[in-house]
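A short write-up of the structure that comes next.
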Amino acid sequence: MGFAACAILLAVPVGIAQSAPPSHAKVELIADEVAPSATTTWVGLLFHLDPGWHIYWQNAGDSGTPPKVDWRLPAAYRAGAIRWPQPVRLGGGSVIDYGYEDQVLLMAPIERAANSLAAAAVPIAVDVKYLVCREVCIPGKAHLTLSLPATGGDPPAQAPQWHAIFQNTRAQLPTPAPAGWKISAASEKRYFVLSVQPETPVKSATFFPLESGQIENSGPQTFTSTKNGFYLMIPESDQLVKPIGTLRGLLVLGPGRAYEIAPHVLQASRIIQNGSELRRQQ
């Protein structure tokens, strides 16, 4: 996701679109800096949320649904997958959701075919549908447009804060767990047990599942330090009727420290804690 040293501001969002009042959310389509010869442009849906209101992560949790995005692009352009920043736990009691409050940027790459040229400014558009929730949920939708400049052309001026927003969002994007970490998982007595040996000491951790219906979202996750790492006990969902092979999700150790993990799940007959390792007893 690096950018050329000669990076320049790319485009101006045509406007702010929001659902019929009261929406409690406003959405902008913005673009990041890019060199004139670049074939990839990073754009993003910037949600501004009223205090106490939220939208949802790609796994919404116990209720809700994530934003749905439909790109409208000209020939020779293609949209990549949305990059979801680190979410937070929302709600309380028996209902826990995963999502975002205040402000969040959902960014995606727009790629132009390498052998194509844009002789004039290129309009792109997106239709987005979302739920914004507090005690109740209100559906919202927006049709947003912006123009990408011609190949090699001068870009229009735009608000300089957009690049900082993209950079701050990149710092919140989950990354693969470091190669030196040892991560294993097992299922025992309706709990998933994660065993993690990181390279530096960890004081707390929370697991966010990528798949719905696997863990009890409202159940307590018990963190236990060991000599070389930690265990995290995660209650399985009552809706889980058969064993799963892989526990996919985010291991969050703090702000800006979210790691993508997908350990194979051993169906252990007994969990043995021996120093810092998790083993299966046959």
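The values are calculated or read from the model by the stated rules, or taken from the named source; none is laboratory data. Keep in mind it's a predicted model, so treat the numbers as computed, not measured. All Cβ positions, even for glycine, are placed from backbone atoms using ideal geometry, and neighbour counts span all protein chains on display.
Things worth noting here:
- Taken as a whole, the structure leaves LEU232 outside the set of residues that are outside any loop (DSSP other than H, G, I, E, B), in contact with an Asp or Glu (Cβ under 8 Å, 6 or more places away or on another chain) and either assigned by TED's automatic domain parsing to the domain that holds GLY180 or loosely packed, with under 15 Cβ neighbours inside 10 Å (or both).
- Residue check, ALA38 assigned to a loop (DSSP other than H, G, I, E, B) and more than 13 Å from the chain's Cα centre (by Cα): yes
- Residue within the stretch 42-55 that is under 19 Å from SER212 (Cβ atoms) and either buried (at least 22 other Cβ atoms within 10 Å of the Cβ) or modelled with pLDDT of 95 or more (or both) present: yes
- Pairs, first farther than 18 Å from PRO174 by Cα in the stretch 197-216, second surrounded by fewer than 19 Cβ atoms within 10 Å (Cβ to Cβ) and of a type in the set (Lys, Arg), C-beta under 6 Å, six or more apart: GLN197/LYS182
- Close contacts from the stretch 61-81, counting a first residue that is farther than 16 Å from GLU101 by Cα and a second that is among the basic types (Lys, Arg) and surrounded by 16 or more Cβ atoms within 10 Å (Cβ to Cβ), with Cβ to Cβ under 7 Å and a gap of 6+ residues or different chains, come to ALA76/ARG112; TYR77/ARG112.
- Long-range neighbours under 9 Å by Cβ, at least six apart or interchain, first residue touching a residue at least 24 places away in the same chain (Cβ under 8 Å) and among the acidic types (Asp, Glu) within the stretch 245-267, second part of a strand (DSSP E or B) and surrounded by fewer than 14 Cβ atoms within 10 Å (Cβ to Cβ): GLU260/THR175; GLU260/PRO176
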